[in-house]
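Only one structure is covered here, and it is reproduced in the block below.
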Amino acid sequence: MSKLVRFGVSLEQGLLEKFDRLTKEKSYTCRSEAFRDLIRQELIQKQWQSGHEIAGAITLIYDHHKRELVNKLMDIQHAFGGMIISSQHVHLDHNNCLEIIAVKGSPKEAQKLSDSLKSVKGVKHGTLSMSTTGKNI
Ligand code: NI
């Protein structure tokens with residue numbers, strides 16, 4: 001872990017009050033941790049835009065009764081096999097399945113994989129959670 005450095009930040013009172021409310025709502029124990037997370041979030045977004053190696057998770061919810069849909073999702077995942085680290089399938093209820101696909105690699109490819117999966121007819125909801133391995137930040 002790198003050395004901690006203290007520095008002062010000047011803010012308008014109104015902005016600080018909003019920041020404190022946000023910090024409380026998000027259950028941060030102190031301003032510093034909330035501030036660190038904001039910075040990390042910005043850096044991660046930059047990394048996703050700049051083409052470095054990223055890590056993330058794609059979450060999908062779909063009706064497993066639609067067999068054609070399940071086959072399509074499998075075909076797409078096989079085509080992007082190199083970047084999929086693992087996947088987890090949860091049978092949510094009688095109709096719905098939840099799939100969580102962990103990915104690592106190029107951000108463009110991760111976005112492409114996510115878009116391909118989400119656009120399959122019958123996928124009820126899909127998200128791409130953008131994270132990072134910490135390299136190049
Ligand atoms: Ni299932």
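Laboratory data are not the source of any read-out in this text; all were calculated from the coordinates shown. Owing to the predicted nature of the structure, the values given are computational and were not obtained by experimental measurement. Glycine gets a Cβ as well: all are built from the backbone with ideal geometry, and neighbour counts include every protein chain shown.
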Segment residue 92-residue 64, extension gain: residue separation times 0.36 nm, minus the distance between their alpha carbons: 9.1 nm
Sites residue 7 and residue 37 - FRET efficiency at Förster radius 22 Å, r taken between beta-carbons, to 0.05: 0.85
Theoretical ellipticity at 222 nm over the chain - DSSP helices of four or more residues, -39500 (n - 2.57) apiece, nearest 500: -14000 deg cm²/dmol
Ordering of 50-60, 23-33 by packing [mean C-beta count within 10 Å, highest first]: 50-60, 23-33
Among the listed pairs 18/46; 46/72; 3/26; 3/118; 26/104; 46/118, those beyond 30 Å (Cα-Cα): 46/72; 3/118
Charge dipole magnitude, Cβ of K and R +1, D and E -1 - the chain, Cα centre, debye nearest 20: 260 debye
For 114, 106, 10, order by how many other beta-carbon atoms lie within 10 Å, fewest first: 10, 106, 114
